[in-house]
Structures are given as C-alpha cells and as structure tokens.
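Following: one structure in structure tokens, then a few remarks.
The values are calculated or read from the model by the stated rules, or taken from the named source; none is laboratory data. Bear in mind the structure is a predicted one, so any value in this text is a computation, not a measurement. With ideal geometry, Cβ positions are generated from the backbone for all residues, glycine too; neighbour counts draw on all protein chains shown.
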Amino acid sequence: MRLLFLILLFSNVCYCQTNILKNQFKISGTVIGKDTGRIVLNYYDGNNRMKFDTTIIKNGKFAFSGTVNVVSDANLWTDLKNINFGDKSVIRFLLEANKISISYREGFVTKSLLQGSKSHTEWEKWEEKKTKFIISNSQFIYKADSIYRLAKSDTTQLKNLRLATARLDSINLIRRSADLDYILQHNNSYLSAFLLSRYKRWLSIDTIEYYFSRLSKNVKNSNVGYTVLEYVYPLSKNLLFKKANPLNGVKFNEKLNLIKTVHDLVSKDLNGKNIEFKRFKGNYILIDFWASWCKPCIADVPYLRKIIEEFKNDSIQFVSVSLDTDGKRWKKAINVNDLSWLQVSELTGFHGLVPTYCKVIIGIPQYVLVDKFGKIINFDAPRPEQPELRLLLNKLLNKEF
C-alpha cells in the first residue's frame, strides 16, 4: 500500500513538472555591434498576464526565460527610449514554449534571425507568399507620404495623393482578405489567431466572433487566442458566444454578468481596503486606467494633476485604476510620481472586473467618463492634455444648474 502511494505521489510530481516544462521558454540572444546595454521582452505569460521583462546585454549576449500559454505574440524592445510598438527598433515575433535563439545587428533589427518557434517560421513563410502585396504596400506608403509632403505646398498634388491612398487601401484590403482566408483554412494554426488579433480593431464584432468561433479549442486557449477573446468579449452582446467562450472562467463571467453599472464595481486601495464605486453616487467619475510600466500614462500625470486641481470643488470624482500585477511596482510608481488622489487596483492587469466592464481592451492610458447614476458616458474620453476633456467636463457640470 505504501509502495502504491509512493508511486502515485511520484507520478503526480512528474506530471506537474512536465506541465511546467511544457509551458517554459528560454531565449538566448546575440547582438552584433553592441556589447552592453538593456533590452526588454514584452509577452503574455502562462496565465495570460502581460509581462515586461528586462535583462542586461553582456558581451553582446542576452537571455530570457519564463512561461507562455503555448504561443504568445511577443515584442523585443531593443531601444528603450522608444515607446511605440510599431517602431523599427522593436522585433515582433511569435514566442513558443521552446528554446529560442535570436540574433540581430544593432541598427538593423528588421533583419533579425529567429529560430526555435514553429509558429514564427509559419508566419515568415506566409508573409513570403504575400511578398508582392507587401512590396507594393511599402512602395505606396512611401509614395503617398512623399506626395503628402508635396501637397502641403503644391495643391496640384492632391489628386495624386488621393490616387495613391486609394491604391494603398485597395492593397490592404487584398492582404486582409488573404489573411482571413488563411484563418478559415487553418483553424488549428496558432498563426490564425495571431492574424485575427492583428485585424480586430478593423473588423466588426460579429465578424470577429465568426472567425474566432471557427478556431480549434487548443488555439482558442492559447495566448494568441486569448488576446482576441480579451478584446471581443467586453464588446460582444452575443450571450451564446460568451457562454461558449468564457473569458476568465465561469465564475468570472458570473460576477461580470451581475454588474449593471459602474456603481456595482469594487476595487482595492493601497492598504488593501475595498473601495466600492457606489460611494461615488451623485458625482460624475473620471476613471484613469494606467500602469507603472506605461510611459505615456506617466507622461499624462502633470496634465491630469492640473485637471484634478481645477475641478477639485466640483461634483467629479477622479479615480486612477492601475493595471499592474506587481503591488510593489504599483506603490513605488505612486510614490515616485506623487499621485495623491484615489488609487485603486485589482493587481490583475487587464483581466480584472473593473477594466473588463469598462472595456479597457486596446491599450492605456484610457479615460472612462461615468455619469451620476453609474452609466458610462464615454468609454474613451479625451486625454488630460487635450482641451476637449476640459470642455466636456464643463459641459456636464453646466447641466446641473
């Protein structure tokens, strides 16, 4: 009996270790032309949480390790001064639970070499098949940009600009159509989920639901599948789709369905005390979604501080909701940036009830404006540095008199 118990115990240990190893990745990198420095890896981990890991380049070498949920969209930030995901200094790739090698020459990251990810290799091969569209796309982007510059001083170029832009739009539609066809023909491919995530902001909600529903269960449950569901779920009104594709598990969905207004939301302050949003009844609420790792969010702080000071005696409650997952980093950012107004967080990143209900799905900073009854007036209100926000708040206050 004791021997049987030990066998079962050992089997369970092996099973757990296998699961952990199955989701682990290790990246070894080489930078040609740069011996020292820092580099950042952005990806979704094994729990579908967004991660920003930093490591040091030493003697032209760097390394990362962690977990992913089968396949994740990943970005390697080679220039830490850059804050734009689309910058040429960012290496975008599909990260798998495997040993990955990356090499690039400083200043030429677009020609980086990556090995160890089958999904990334599949992506590269698919892009090669679309080469004629990509080349045409690049040519017309350059042409349209050149004509745009000329049109500023020469109005006769406006017609050429319209023609070039129309041609570019046509090429983009062809590329999108090809990618969507690929998704339907390769429902068991992780690349299909990645391609769908790239177009999610340009497709209707029912169209996204249609393509997502046709992906295999394994693909849906991966990181790349989750990024699509994370976007479409808060926007969807299709109860059957939501039931078939729960976002963060059945219990999370049940809690989310009970929330009827912002006043039903609850978060925690710096001391771990529950902050019920119903305490703000009778006031407008401006919710600032931010995170310690978000540079544009930190850049907004001086402007937001001015807005708060200007409206401190009015019936507007300002709440900053952090999408951090690390409590220490959250608190440090609050102290460093002297954020003296109400700060709350579930410390679950984008996956909490508050950001999900408020449809914080594309990126941050995002500002959500709520009326006195807890109904959201604007899911994407102007940022503090924009004069439109001040005008909007004044307009709301004037309605009171």
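Values for this structure:
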read-out: Complete set of residues in segment 331-367 that are more than 20 Å from Asn274 (Cβ to Cβ) and in contact with a Phe, Trp or Tyr (Cβ under 6 Å, 6 or more places away or on another chain); value: Lys359, Val360, Ile361, Ile364, Pro365, Gln366
read-out: All positions within segment 81-117 that are hydrophobic (A, V, I, L, M, F, W, C) and within 18 Å of the chain's Cα centre (by Cα); value: Ile83, Phe85, Val90, Ile91, Phe93, Leu94, Leu95
read-out: Output for segment 233-248, where each listed residue is out of contact with any helix residue (DSSP H, G or I) (no Cβ under 6 Å at 6 or more places or on another chain) and part of a helix (DSSP H, G or I); value: Tyr233, Leu239, Leu240, Lys242, Lys243, Ala244
read-out: Residue that is farthest from Asp73 (Cα to Cα) [pool: residues in segment 190-215 that are part of a loop (DSSP other than H, G, I, E, B) and modelled with pLDDT of 95 or more]; value: Arg214
read-out: Unmet requirement for Lys251, which otherwise passes all of (1) without any contact (Cβ under 8 Å) to a residue 12 or more places away in the chain; (2) charged (D, E, K, R); (3) within 26 Å of Trp126 (Cβ to Cβ); value: (3)
read-out: Among (1) surrounded by fewer than 22 Cβ atoms within 10 Å (Cβ to Cβ); (2) assigned to a helix (DSSP H, G or I); (3) small (Gly, Ala, Ser) - the single one Gly225 does not satisfy; value: (1)
read-out: Residues being surrounded by fewer than 17 Cβ atoms within 10 Å (Cβ to Cβ), of a type outside the set (Ser, Thr, Tyr) and without any contact (Cβ under 8 Å) to a residue 24 or more places away in the chain - total across segment 107-121; value: 5
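Conditions tested, residue by residue: (1) farther than 30 Å from Val40 by Cβ; (2) among the basic types (Lys, Arg); (3) in a loop (DSSP other than H, G, I, E, B); (4) free of Cβ contacts under 8 Å to residues at least 24 places away in the same chain.
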residue: Ile287; (1), (2), (3), (4): no, no, no, no
residue: Ala299; (1), (2), (3), (4): no, no, no, yes
residue: Gln317; (1), (2), (3), (4): yes, no, no, no
residue: Thr325; (1), (2), (3), (4): no, no, yes, no
residue: Lys328; (1), (2), (3), (4): no, yes, no, yes
residue: Lys332; (1), (2), (3), (4): no, yes, no, no
residue: Asn335; (1), (2), (3), (4): no, no, no, yes
